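**Student:** Starting off with a structure, shown below.
The values are calculated or read from the model by the stated rules, or taken from the named source; none is laboratory data. Since the structure is predicted, the reported quantities are computational estimates derived from the model, not experimental observations. Cβ atoms come from the backbone with ideal geometry, glycine included; neighbour counts cover every protein chain shown. Only protein heavy atoms, including side chains, enter the accessible area calculation; ligands, DNA and RNA are left aside. Shrake-Rupley method; radii C 1.70, N 1.55, O 1.52, S 1.80 Å.
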Amino acid sequence: MSTASAKLLAGEDFASDDDLVNDWPSGANQRLENEDASVVPPVRLRLASSKPNRKRQRLHRISSCTAFVFASMACFLGIFLGLLLVLAANEKCNTQLHNDSSISVAEKRVKNISSECPTYPWPELRLPTSVEPVKYTLTIRPNLTTFVSTGNVDIDLNINSRTDLIVLHAHGLNATSYQITVDGTHINAQKENCEFLGQWAFKLSNAVNQGEKVQLSIRFVGQVSDDLVGLYKNTHYGSDGSKSYSAVTQFEPTDARKMFPCFDEPAFKAVFQVSIERERRHTSKANMALQKTDIVDGQIEVDHFAPSVKMSTYLVAIAVFDFANVTEMTKHTTHPIRVSIHANQDMIKGRADLALETAIKGLEYLETFFKVPFPLEKQDLLALDDFAEGAMENWGLITFRDSLLLYDQNRSTTRSKELIATVVVHELAHQWFGNLVTMKWWNDLWLNEGFANFIEYFVTDRIFPDWKLMDQFYVENLLPGLYLDGMTTSHAISVPVHDPAEIGGIFDAISYQKGASIIRMFMGLSGEEPFKLGLQEYLEHYKYQNAEGSDLWEILQKHISSMGDVSLIDVATAWTTQVGYPLIQARLENSGTTLVIFNQTRFLSLIDERTDDRMAHKWPIPIIYKTDSTMQSKTVWMKGSNGRNLNVILPTPAKWVIANADGSGFYRVLYDQAIYNEIAKQLKLDHTALSAVDRAAVLYDAFSFVKSGHLRLETLMNLLAYLESGKETDRAPWVVVLGQLRQIEDLIEDPDMIDTFQTYERRLVAATYSNLGWELTESHSDRQLQAEMIAFVCRLELQDCVQSALIRFSDWLVDNSSIHADLLPVVLAEGVKHGNVSTWQRLFTAYLNSKVPSEKSVFLHAVAATRDLKMLSKFLAYTLDRHMIKPNMMPRAFEFLMTNPIATMRCWRHLRLHWKEIGDLLGETTMIGSTAKMIIQDFATDFDYEEAKRFFDGKELGSSRARVDQVQKLFLAQTVWGYGTLPPPRDQIAHRAAS
């Protein structure tokens with residue numbers, strides 16, 4: 001599943017799929033035992049206000065910004081509010097933060113089995129291992145008129161130990177008949193169901209023994225559902241108003257059981273021979289290539305597909321549709337691979353080229369890199385109207401949200417182009433990491449997603465080097481991971497998962513972004529070539545099998561010799577099995593000739609969560625440093641076991657040091673005041689002396705440390721001062737700054753303070769806005785920065801920006817090709833904001849009629865900016881009508897609405913009032929959690945917290961529970977802020993704004 005998926009805010013155009021899974025503000029209250037004068041004891045600042053919320057329109061979210069957006073809500077908020085009321089720590093917050101008495105989902109489910117299924121013979125969440133599947137012969141008949149699915153499956157079984165019980169998964173299916181044979185002889189069996197567990201158990205009349213050949217044959221009936229999981233209905237509306245249906249599948253993590261009875265756990269790998277019965281007017285696809293087609297009668301045909309390679313059930317996929325396609329063969333792979341892009345006829349023309357080019361180049365590069373041939377004859381990529389995730393890596397039949405596969409060079413943004421390429425590569429990487437070698441159980445999900453997330457940047461950077469994607473890795477991976485991992489609601493990368501109901505909760509920034517960041521850290525420590533050789537041996541050794549994290553580390557250890565006396569296995573174990581990450585401090589001594597790294601401690605955002613047991617974690621940390629006098633980075637190790645300071649003798653005296661060069665390590669660095677002063681001077685003198693990533697990292701950590709009270713506000717403002725010159729043209733630092741400032745302003749409720757703060761913001765961005773202007777730039781990265789900066793400045797209501805946008809909006813009304821796609825989001829949003837009812841209706845009609853998926857998101861964002869209450873009410877009503885706003889767009893629709901000041905409380909009321917209808921529309925997907933997250937993530941008062949807690953307590957959220965719990969913890973953190981600066985923040989901000 002793509003990064004886009006997990007997060008799963010399904011991303012389109014100027015907003016990333018990462019937004020939907022990755023929900024991240026910045027974290028920072030950290031207890032430090034430090035004599036450094038720059039470390040100020042954190043105090044509490046209460047932000048509640050009786051004044052109405054005065055949120056301002058935010059820059060359209062982009063995946064890289066979103067990571068900081070949430071991560072940074074806290075950093076300045078209390079500071080910039082200018083409130084001086086300092087409150088002592090209160091017991092109420094402690095109670096809110098430490099509700100450790102709750103039992104896990106798995107424990108609750110186990111307790112309920114006996115009441116839900118009192119006579120069921122296997123009262124366990126996991127299947128027994130006494131029986132395992134070898135081969136499935138499956139025929140499936142999805143009827144696209146009645147939406148009933150019928151099928152039959154013959155499962156050849158291995159008996160690992162004597163048993164009289166065969167247990168497998170089935171959910172929402174009815175068995176019309178079944179038969180069990182042992183060595184060809186029929187035996188009697190009694191079938192029992194436990195729908196609560198999604199299991200069927202067959203109690204045999206005679207026990208079967210190890211080595212006997214057993215076949216289980218079942219005829220069954222199910223549904224082609226509406227809820228985007230299992231076998232479900234994909235609906236397409238044509239330009240002429242016609243409606244057509246497709247049948248497609250989404251099985252990860254545990255929904256194969258909704259289409260056919262199966263052993264639905266990743267370790268039960270088997271061969272699948274699939275046949276699909278369909279109407280003659282349709283085409284069908286499966287994981288493997290088509291072998292033959294039989295004609296049943298004049299209108300019905302049966303497609304028979306080749307036996308699959310050995311694989312897990314969650315990777316099985318079928319599709320029945322009437323799509324068009326574009327096809328090309330690879331030229332530089334072991335054998336030619338047929339790569340095809342499939343989409344609706346009225347959407348594919350001229351929009352498949354980017355995905356096809358990326359898929360061809362990606363397969364060729366990955367096969368060379370991994371030295372393991374792609375084993376299939378073909379690779380199909382399907383663009384779907386209705387898809388809950390971003391994309392899904394089904395072996396040989398990858399499915400995508402249409403906005404992440406179809407690119408229109410005239411009407412899609414640069415960000416959309418980048419997203420499509422990276423998501424395609426992400427899913428192709430899974431064909432090796434995840435499909436060829438699969439985790440034994442979901443606790444090692446990160447082996448799939450962390451590697452695919454890293455590879456999507458690494459390989460796309462090689463395919464399109466001008467995009468400089470590895471420069472974006474820091475802001476799009478480390479920051480989301482650092483944020484979420486700074487809370488006690490986080491989990492280790494390798495996390496125990498006992499119940500399938502808990503699996504959806506770990507498709508998050510830890511498995512994806514932190515996992516990818518740790519992999520990048522290890523590659524950087526070992527060197528690319530040794531790391532690559534280790535991966536090649538791992539894939540060759542475990543192909544078509546299941547593996548654990550320890551299996552990978554043992555093989556990599558053999559190829560890595562550059563870590564001295566530090567064991568990769570020990571390092572990997574510490575970083576993947578411990579929750580959280582370290583904060584270290586750094587200073588220069590002896591006239592700048594000695595770098596001192598000291599006081600390793602776990603980073604936690606909330607002071608109340610910093611209990612002794614939580615703070616006791618230690619990590620072996622690779623300190624990757626460079627200084628103003630030695631710009632070539634070097635590595636030394638701070639071993640977590642001895643707890644000693646690390647003293648590094650520098651070859652030449654240094655004024656400043658970067659102790660996590662290029663964001664290579666997954667940790668935070670707090671510098672002493674002298675180093676911060678020198679870095680601020682350097683940024684003003686020549687900011688390029690620090691790399692773009694180093695600038696972004698220093699600024700991001702500084703925002704976080706101000707929030708936690710460990711850094712003076714004045715220090716942060718000194719660091720930011722260099723931006724006023726307009727010379728900062730790299731996107732990474734601006735992504736951090738714009739995201740942080742935007743979230744801070746959104747939470748300020750004091751009208752006077754908003755004005756003061758916005759004046760300060762304008763001072764920081766004015767010169768850069770002027771330099772970038774409105775004329776389209778050539779660079780891939782510069783185009784994105786230009787669009788982000790213009791949107792930010794227009795949100796600040798700078799007259800030049802608003803007027804420029806409205807002039808272009810008038811031009812667009814006459815000629816809708818007059819505005820480049822990168823500038824269209826802000827132009828249309830400003831047009832609607834300052835327009836009338838007919839303006840809104842025209843844009844919403846454009847949303848309904850557009851056949852460019854990424855463009856639809858632009859239109860939806862624009863209509864969400866309305867200031868007309870009637871139009872806002874109509875928009876909210878449309879979220880309940882799948883014909884107007886598709887359910888898979890609901891999280892994005894509310895994300896857009898929540899940037900509109902007049903919509904926020906109405907959205908919250910709408911969610912509570914229509915909870916059941918929303919749940920029915922979104923079904924058993926994590927989209928219910930994403931939708932809730934979009935609405936409550938910016939709440940910042942105790943009242944909001946209590947309201948949300950009251951509403952969600954006791955709600956059946958399934959795999960969305962973890963997401964809702966996490967976001968509630970986030971806005972709890974937003975009600976308490978640390979600062980330690982005097983004079984009052986208001987005065988400091990006012991002084992900076994006026995100077």
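**Student:** Could you tell me the distance between the Cα centroids of the range 255-298 and the range 875-948, to the nearest Å?
**Tutor:** With the range 255-298 and the range 875-948 each reduced to a Cα centre, they are spaced 36 Å.
**Student:** Could you give the accessible area per residue of the chain, probe 1.4 Å, as a whole number in Å²? Don't jump to the answer; show the numbers that get you there.
**Tutor:** Values: 32780 Å² over 995 residues.
Result: 33 Å² per residue.
**Student:** In addition: Hey, what did the range 810-921 get for relative contact order, percent, Cα under 8 Å, at least 6 apart? If you can, show how the numbers build up before the last one.
**Tutor:** Numbers: 92 pairs, mean separation 23.7, N = 112.
Value for the range 810-921: 21 percent.
**Student:** Please report, in cubic angstrom per residue, the volume enclosed by the convex hull of the alpha-carbon atoms of the range 126-270. Before the final figure, lay out each step's value.
**Tutor:** Values: hull volume 15.5 nm³, N = 145.
Spread over its residues, the Cα hull of the range 126-270 gives 107 Å³ apiece.
**Student:** Work out the charge dipole of the range 246-394 with +1 on the Cβ of Lys and Arg and -1 on the Cβ of Asp and Glu about the Cα centre, then indicate which of Ser340, Val316, Phe374 is farthest towards its positive end.
**Tutor:** The listed residue farthest towards the positive side: Phe374.
**Student:** Please compute the modelled spin-label separation between Gln409 and Thr611, points set 7 Å along Cα→Cβ, answer in nm with one decimal.
**Tutor:** Taking the simple label geometry, Thr611 and Gln409 are separated by 6.0 nm.
**Student:** When we measure straight from the Cα of Lys856, which lysines land under 27 angstrom away, once same-chain ones fewer than 8 places off are left out?
**Tutor:** Cα-Cα hits under 27 Å: Lys7, Lys55, Lys233, Lys243, Lys349, Lys417, Lys833, Lys870, Lys874, Lys886, Lys916, Lys933.
**Student:** Additional query: Percent of accessible area on the range 134-265 owned by carbon and sulfur, 1.4 Å probe? Walk me through the numbers before you get to the answer.
**Tutor:** Working: 2120 of 4990 Å².
Answer for the range 134-265: carbon and sulfur cover 43 percent of the accessible area.
**Student:** Straight-line reach from Lys532: which lysines fall under 25 Å, measuring Cα to Cα and dropping same-chain residues less than 8 apart?
**Tutor:** Lys310, Lys331, Lys361, Lys371, Lys440, Lys468, Lys514, Lys543, Lys558, Lys634
**Student:** When the chain is fully extended, how far beyond the present Cα-Cα distance does Thr150 get from Met329, taking 0.36 nm per residue of separation?
**Tutor:** Separation in residues times 0.36 nm, less the Cα-Cα distance, equals 60.9 nm.
**Student:** What percentage of the solvent-accessible surface of the range 295-334, computed with a 1.4 Å probe over protein heavy atoms, is contributed by carbon and sulfur atoms?
**Tutor:** It is 55 percent, rounded to a whole number.
**Student:** Suppose R0 equals 51 Å; then what is the FRET efficiency for Gln841 and Ala721 from their Cβ-Cβ distance, rounded to the nearest 0.05? Could the numbers behind the result be given before it?
**Tutor:** Numbers: r = 46 Å, r/R0 = 0.90.
According to the calculation, E is roughly 0.65.
**Student:** Still on this structure: Please compute the length gained on full extension between Ala767 and Asn645, using 0.36 nm multiplied by the number of residues separating them and subtracting their Cα-Cα distance.
**Tutor:** Extra length available between Ala767 and Asn645 comes to 39.6 nm.
**Student:** Report the chymotrypsin sites (Phe, Trp or Tyr not before Pro) located in the range 533-634 that are in a DSSP loop and have at most 15 other Cβ atoms inside 10 Å of their Cβ, or state none.
**Tutor:** On the way: sites: Tyr538, Tyr542, Tyr544, Trp553, Trp575, Phe598, Phe603, Tyr625; in loops: Tyr544, Phe603.
Qualifying residues, ordered by number: Tyr544.
**Student:** Taking amide hydrogens as modeled 1.01 Å from N in the peptide plane, which residues meet the under 5 Å criterion relative to Gln223, leaving out close sequence neighbours?
**Tutor:** Result for Gln223 returns Ser149.
**Student:** Just grab the label-to-label distance for Asp240 and Ala877, each label 7 Å out from Cα along the Cβ direction, in nm (one decimal).
**Tutor:** The modelled label-to-label distance comes out at 3.1 nm.
**Student:** When the chain is fully extended, how far beyond the present Cα-Cα distance does Lys440 get from Gln179, taking 0.36 nm per residue of separation?
**Tutor:** Between Lys440 and Gln179, full extension yields 91.0 nm more.
**Student:** Could you work out what % of the accessible surface of the range 765-844 is carbon and sulfur, using a 1.4 angstrom probe and leaving DNA, RNA and ligands out of the count? List each step's numbers first, then the result.
**Tutor:** Details: 1500 of 3160 Å².
So the carbon and sulfur contribution to the accessible surface is 47 percent.
**Student:** Next question. Loop only per DSSP, at most 16 neighbouring Cβ atoms within 10 Å: give me the trypsin sites (Lys or Arg not before Pro) in the range 571-660, ordered by residue number.
**Tutor:** On the way: sites: Arg587, Arg602, Arg610, Arg614, Lys618, Lys626, Lys634, Lys639, Arg644, Lys655; in loops: Arg610, Lys618, Lys639, Arg644, Lys655.
Here the trypsin sites (Lys or Arg not before Pro) that fit, given the DSSP loop and packing criteria, are Arg644, Lys655.
**Student:** What nm value, rounded to one decimal, do you get for the distance between Asp920 and Phe951 when each label is placed 7 Å out toward the C-beta?
**Tutor:** Placing both labels 7 Å beyond Cα along the Cβ direction yields 2.0 nm.
**Student:** Just flag the GluC sites (Glu not before Pro) in the range 707-791 sitting in loop per DSSP whose Cβ has no more than 12 other Cβ atoms within 10 Å.
**Tutor:** Of the GluC sites (Glu not before Pro), the ones in loops of the range 707-791 whose Cβ has at most 12 other Cβ atoms within 10 Å are Glu775, Glu778.
**Student:** Which of the lysines could a cross-linker span from Lys111 if the Cα-Cα distance has to be under 19 Å and same-chain partners fewer than 8 positions apart are dropped?
**Tutor:** Filter leaves Lys955.
**Student:** Taking Cα centroids, how far is the range 339-402 from the range 588-606 in Å?
**Tutor:** If we compute the Cα centre of each part, the gap is 47 Å.
**Student:** For Leu670, which sequence-distant residues (separation of 5 or more, or a different chain) have an amide H within less than 5 Å of its own amide H, given hydrogens modelled in the peptide plane?
**Tutor:** Those lying under 5 Å, H to H, from Leu670 are Ile584, Gln585, Ala586.
**Student:** In units of 2.2 N^0.38 Å, what is the alpha-carbon radius of gyration of the range 213-285?
**Tutor:** After normalising by residue count via 2.2 N^0.38 Å, the value is 1.35.
**Student:** Could you compute the FRET efficiency for Ile300 and Ile569, with r as their C-beta to C-beta distance and R0 at 60 Å, rounded to 0.05?
**Tutor:** It comes out at approximately 0.60.
**Student:** Between Glu212 and Lys310, what's the calculated FRET efficiency when r is the beta-carbon distance and R0 is 25 Å? Round to 0.05. The partial results should precede the final answer.
**Tutor:** Details: r = 21 Å, r/R0 = 0.85.
So, using R0 = 25 Å, E works out to roughly 0.70.
**Student:** Between the alpha-carbon centers of the range 764-782 and the range 155-233, tell me the distance in whole angstrom.
**Tutor:** Answer, in whole Å: 62.
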